[in-house]
Amino acid sequence: MNRALIRYVALRLFTAIPLLLVISVFVFVLVHLAPGDAASALTGGRAISQEAMDALRAKYHLDEPMVVQYLRWLGDALTGDFGTSVQTRQPVVTAVLDRAPLSLWLTFYAAMIVLCAGVPLGLAAALRQGSRLDRSVVTLSVFGVSTPAFVSGLFLLYYLGFVAGLFPVFGAGRDGGFWTRAWHLTLPALALALSVLAIVVKITRAAVIEEMEKDYVAFARARGVPERRIMLSYLLRNAMVPVVTAASVIVVATMAGAIYVEITFALPGLGSLLVDAVRQRDIPVIQGATLFFSVFVILVNVATDILYVLIDPRIQFGKAAR
Amino acid sequence: MNGPLLSVETLSVRTASGATLLRDLGFSLSRGETIGIVGESGSGKSIAMRAIMGLLPAGLEATGDVRLGETDLLRPGAAAAHRGKRITMMFQDPFTMLNPLQTAGDTLAEGLHRPGADEIARRLAEVGIDDPAVARRYPFELSGGLRQRVGLAAALANDPEILIADEPSTALDVTTQAEIVDLLARTGRERGMGLVLITHDLRLAFSACDRVLVLYAGALLEAGGTDEIAAQPRHPYTLGLLLSEPPADRRVKELHAIPGVVPPAESVLGRCPFAERCDWASTVCRASDAVLGSEGDAHRSACLRQDEIGPEMAERRARRRAAADAAVDRATGAPLVRIVGLTKSFGAGRVLEGINLEVYPGECLGLVGESGSGKSTIARCLVGLERADAGEITLDGAAVADPATGSAAALVDFRRAVQFVFQDPYATLNPRHSIRKCFDEILRADGRPDRDDTEKTALLEQVGLTPAYLDRRPAQLSGGERQRIAIARALALGPRLLICDEAVSALDVSVQAQILNLLKRLARDRGLAYLFVTHDLAVVRQMADRVAVLERGRIIETGPVDRVMDAPAEPYTKTLVSALPGRSRLQSRGDA
Amino acid sequence: MTGQSVQAIGGRIVGAMSPALWVAACCVLVVLVCAIGGGAVAPGSPDMQRLLVGDTPPSAEFWAGTDKLGRDVLARTVAGARTALIGPTVVAAGAFAIATVLGLIAGYFGGWIDNVIMRGVDIILALPGPLIAIVVVGVTGGGYWTAVSVLIVLFVAPDTRIVRSAVLVQRSQPYIEAARIQNIPRHRILFVHILPNVMPIILSYAVLDFAFALVNLAGLSFLGLGVEPGTADWGRMLFENRNILFTNPAALLLPAAMIVVTAGSINMLGDRIREAVAK
């Protein structure tokens, strides 16, 4: 079993490589996607000295064929060299690593809220199907799914932050300790969690309802298995399979939400780094940040696939690699 | 303890909107007794048992008096308190009955007082599983028979006094079916439990039960000891059910079919539920309710005219017993269709290994085997629904190659000669198209547009339906009617060979007999040949001239049906034949 | 999930509609009227600037106050209904038109062509979609229609998967197999048998696509990347008014609420349609 699992993990990581390559091609092509020639794209359209321009052309090998440019760029990227920001002259890696912790903090905080609230809410709604609790959970989840993080962020910011004054409306609490940080990041994390939470509630509820109809649940009841055990070992455990299947959707939604939340709350995370770079056409930073996000998403997807295998013994390791 | 374990009186089940599904059911169950509850789909047999268990689906409500010893089981929460400990139930489908994420051992341990490895092994041994490693397996790693055994062990974990088994063998292969039913009966006896066996199969009930209750359209029509009912059924429905079962030991010219379909329980309140389909029905049957209550264990029938028509019923039974027919060996001359060396794999698994088979003009070749034997795959490869890996198919001696890869023209001609009838009547017709549209499409594609409906009407007539059916949609038809339409559709291209892939196995017995008779008539009238794919040897006995037995992708025995079934040469064929439900006991009781 | 008539499904949708669903339907209707009526429905010009007035809180004259340039927030919100509906409609229709063709081909024919299509779908699905949208629209200097096109490409992937699996369900149905055996031409099987039976599923998911596209387009505009500057658009209003949240909150909260109400109502109706189809 363990051996098979290790082999599966290796295989799954291996199948992620082509995907990473596709993303790297996409990121590389960005330079050429921008209006004007590559060199001016790399300067963000600003006039720079001839020497600087020459240095840039040499750095990005712009005079060589596209394929060579890509391979050289990829080689540099693999050694951690994504160039320097056009704006700040800071190495891209430094900028990304500098901003990443805040984004990770925010994402994990939100993920905790989503898991701790979403699964129990979905379960409770399903168990009392048709009740007032169920109906309100369903309606809220429909509107939650339709509420982008920047909208919920604005409402939270205005009502809980400004009107009620419960939470700070500015800053990430970077200089404070754990609790200061948590306090500063609560509103952003809530805003981020809300729409994702709705997805999780929806999937959990639907899955539990489907499980309740299953023969094995009726058979368990007929055998006198206690309701508590039916709820945990039968309904919830089986319902987790579709939830985990949807994990990649959830991860992507969380990540995209994080970008918007950082803008809404003016938090200096990876998302605002990316959006600032996009607004200023700071191509090297865009490339670095995009790659970082993508690798993160792919790794989380690999992790959820493994989790999936652990939850459901039916999945044969070889076949689950989609 | 004296008195019955379970006594049920005036048990009714209604939907939220008030429609009756089951009415006034009454029976009792004693320690060590096995009773069979027999009925076709819609009879209310499963609903009744779920009501007793307190496991009715949401929206259904049970009323009446259900007593487990002193306890009223219909009181809210009462059934839940006793489930597993005193009364338990197992379901039909072993593939959906066990939690897929739990090992067999974990499932078993849920009900045990001292769940240890030894105890689990002992419990598994009780249901005939001697390999303790099974405890560590997940359901998906077990065969259907093993799952059903694990299910039984789990149901018995808490040592209940009553076990209700809902069609415990229906989803299993023939050979496993007999084992499971025997196991249930033996376990019930050894433990002194009360056992309730729900089944659609009267013969199975006769072979395993002490008493039998016959349910129809939500009402109890006949009840009594197995021997009495088997010897002389006193309700026309029971007789009809008995006669429509195709006998496995010999061939009859025509099966007895009950006309029409089972009505919904709600539509037959206040009269004899069977009146519409009964040959002996009179005005009194349509005017007064004829349903059994719950008085004692004697042999009783709800039929209002049972005394008048008794002799006629007995005579019909005797006539049927005498009627016999012989299979004809038509395997002479040049074969119509010949399969040579058909081989097919799915992934790593070989399903067909060099199949050689001939079907001669006008003959019916039965193709029998258990699930996974590859019998459907042969049929599907033949018409190109599945692509074979290797092999040759010839029609009238001309190679069609593999129909899936053959040239378009050859394929079109081949399909004019060879047509197909599917198993599931509910999915066999496009739900959006009226019957007219369905037929028109085929005739037009065949270059024979039928503007004045003559062709379509003729097709309907051939399958015993009126032209009024042309404008109906599948949703308005019963399962039997849909299967008739499917046969008519297959006949539209004027085939010489009809492949029937389990074409009657999804139908109720009474309807199955209608369709089998129709197929026999078509064979006589049109000289149609059949490749009859089925798991049911009794059906094969009625239909086939020759039979080919398939085991794990190989044909192990071929020959005239009487020879193969009466004197099988291969051990596997012997197992199949001897596993026919209730074979030995039935014959000793002199059944039809 | 096998085929059923559109009328029957329609009956199930309208029959026993809860009050919440009626409210949702009314909301969609109001937004639709705003989008079609535009200036005729708005209480005033959405573009007239009153620089001397600047941003003001709600008043009798301007029910939702004014933005920094003194423009009427309520009028701009009404006018914003147009971009809020047009883009998502194009995305949902475009994505499903392409996905239906791809899904039918992949599902019915199978084999290598199925493999090619589905590997492409897998790759797009494994990408962080919203991020790609931001980057592509941003780098290309985008605008509304670029954003719409990028979303179509991103939505085609999951939609193709949905169509394909619905086609696969149909394809293995005996009535489709019967049609194949009965020499019914392939195009008839595809368009007369399979397509009508998967259409309800396609339509119900297209409605959900619409709501999702609305939120995504608004998001891009909120980052300043979607619609052109100056356009009256809900997302763009959030971007332009982001600094006056504490002086005239209505300038942000009103368009923000409109995004949620519109997308939420459509999602609710879409869920209802999907349930009716699944029955």
Subject >> In region C:209-231, the residues that are in contact with an Asp or Glu (Cβ under 9 Å, 6 or more places away or on another chain) and either buried (at least 23 other Cβ atoms within 10 Å of the Cβ) or among the hydroxyl-bearing types (S, T, Y) (or both) >> reply: C:D209, C:L217, C:A218, C:S221, C:G226, C:V227
**OP:** Return yes or no: is B:G494 at pLDDT 90 or above and more than 19 Å from B:P425 (Cα to Cα)?
**Re:** yes
Subject >> Which listed residue, of A:F155, A:F162, A:F150, A:F143, is at the interface with chain C (Cβ under 10 Å from one of its Cβ atoms) and either farther than 14 Å from A:T264 by Cβ or in contact with a strand residue (DSSP E or B) (Cβ under 9 Å, 6 or more places away or on another chain) (or both) >> reply: A:F143
Original post:
Among the residues of region C:190-208, is any aliphatic (A, V, I, L, M), more than 30 Å from B:R444 (Cβ to Cβ) and within 10 Å of chain A (Cβ to nearest Cβ)?
Top reply: yes
**OP:** May I ask you to list pairs of residues, at least six apart or on different chains, whose Cβ atoms are under 8 Å apart, with the first in region A:80-94 being in contact (Cβ under 8 Å) with a residue 24 or more places away in the chain and closer than 14 Å to A:L270 by Cβ and the second being hydroxyl-bearing (S, T, Y) and in a loop (DSSP other than H, G, I, E, B)?
**Re:** A:V92/A:S85
**OP:** Select from region B:88-111 the residues that are more than 27 Å from the chain's Cα centre (by Cα), of a type in the set (A, V, I, L, M) and within 11 Å of chain A (Cβ to nearest Cβ) and list them in ascending order.
**Re:** B:L101, B:L108, B:A109
Original post:
Residues of region B:521-549 being in a helix (DSSP H, G or I) and over 16 Å from B:A488 (Cβ atoms), which ones?
Top reply: B:R524, B:L537, B:A538, B:V539, B:V540, B:R541, B:Q542, B:M543
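Yes or no, residue by residue, for (1) within 14 Å of B:A490 (Cβ to Cβ); (2) more than 9 Å from every other protein chain (Cβ to nearest Cβ); (3) basic (K, R):
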| residue | (1), (2), (3) |
| --- | --- |
| B:A379 | yes, yes, no |
| B:A399 | no, yes, no |
| B:H433 | no, no, no |
| B:R436 | no, yes, yes |
| B:T457 | no, yes, no |
| B:R472 | no, yes, yes |
**OP:** Kindly check whether there is at least one residue in region C:113-130 that is touching a residue at least 60 places away in the same chain (Cβ under 8 Å), closer than 26 Å to A:A258 by Cα and not hydrophobic (A, V, I, L, M, F, W, C).
**Re:** yes
**OP:** Looking only at region B:216-225, decide whether some residue is at positive phi, without any contact (Cβ under 8 Å) to a residue 60 or more places away in the chain and within 19 Å of the chain's Cα centre (by Cα).
**Re:** no
Subject >> Test for C:A276: is it modelled with pLDDT under 85 and within 21 Å of C:A25 (Cα to Cα) >> reply: yes
Original post:
Taking B:L152 and the conditions (1) under 30 Å from B:R277 (Cα atoms); (2) not assigned by TED's automatic domain parsing to the domain that holds B:A79, which numbered condition does it fall short on, given that it satisfies the others?
Top reply: (1)
Original post:
So is A:G118 within 11 Å of chain C (Cβ to nearest Cβ) and either at pLDDT below 90 or not in a loop (DSSP other than H, G, I, E, B) (or both) or not?
Top reply: no
**OP:** Would you check if there is a residue in region C:234-242 being within 11 Å of chain A (Cβ to nearest Cβ), among the polar types (S, T, N, Q) and part of a helix (DSSP H, G or I)?
**Re:** no
Original post:
Restricting to region C:111-126, what's the tally of residues that are crowded, with 20+ Cβ neighbours inside 10 Å and within 9 Å of chain A (Cβ to nearest Cβ)?
Top reply: 1
Original post:
Could you list, in sequence order, the residues of region B:77-131 that are surrounded by fewer than 20 Cβ atoms within 10 Å (Cβ to Cβ) and on the phi > 0 side of the Ramachandran plot?
Top reply: B:G77, B:G128
Original post:
Does region A:199-220 hold any residues that are without any contact (Cβ under 8 Å) to a residue 60 or more places away in the chain, crowded, with 24+ Cβ neighbours inside 10 Å and either of a type in the set (A, V, I, L, M) or in contact with a Lys or Arg (Cβ under 6 Å, 6 or more places away or on another chain) (or both), and which are they?
Top reply: A:A220
Original post:
Counting only residues that are polar (S, T, N, Q) and within 12 Å of the chain's Cα centre (by Cα), which one in region C:169-220 is farthest from A:K202 (Cα to Cα)?
Top reply: C:N216
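So that you can scan it fast, the table gives a plain yes or no per residue for (1) at the interface with chain C (Cβ under 10 Å from one of its Cβ atoms); (2) farther than 21 Å from A:L13 by Cβ; (3) under 14 Å from the mean Cα position of the chain (by Cα):
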site: A:I263; (1), (2), (3): yes, yes, no
site: A:V278; (1), (2), (3): yes, yes, no
site: A:G288; (1), (2), (3): no, yes, no
site: A:T304; (1), (2), (3): no, no, yes
Original post:
Which one of the conditions (1) assigned to a helix (DSSP H, G or I); (2) surrounded by fewer than 24 Cβ atoms within 10 Å (Cβ to Cβ); (3) within 12 Å of chain C (Cβ to nearest Cβ) does A:W179 fail to meet, given that it meets all the rest?
Top reply: (3)
Original post:
Can you spot a residue in region A:240-249 that is surrounded by fewer than 22 Cβ atoms within 10 Å (Cβ to Cβ), within 12 Å of chain B (Cβ to nearest Cβ), closer than 24 Å to B:A58 by Cβ and of a type outside the set (K, R)?
Top reply: yes
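Rundown of residues vs (1) more than 27 Å from C:I105 (Cα to Cα); (2) within 12 Å of chain A (Cβ to nearest Cβ), yes/no style:
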position: C:V135; (1), (2): yes, yes
position: C:V139; (1), (2): yes, yes
position: C:W145; (1), (2): yes, no
position: C:L151; (1), (2): no, no
position: C:T160; (1), (2): no, no
position: C:R164; (1), (2): no, no
position: C:R171; (1), (2): no, no
position: C:I176; (1), (2): no, no
position: C:A179; (1), (2): no, no
**OP:** Please work out which one of (1) within 10 Å of chain A (Cβ to nearest Cβ); (2) in a helix (DSSP H, G or I); (3) over 22 Å from A:L140 (Cα atoms) is the condition C:F246 fails and give its number.
**Re:** (2)
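The values are calculated or read from the model by the stated rules, or taken from the named source; none is laboratory data. For clarity, every value in this text was computed on a predicted model and none was experimentally measured. All Cβ positions, glycine included, derive from the backbone under ideal geometry; neighbour counts span all protein chains shown.
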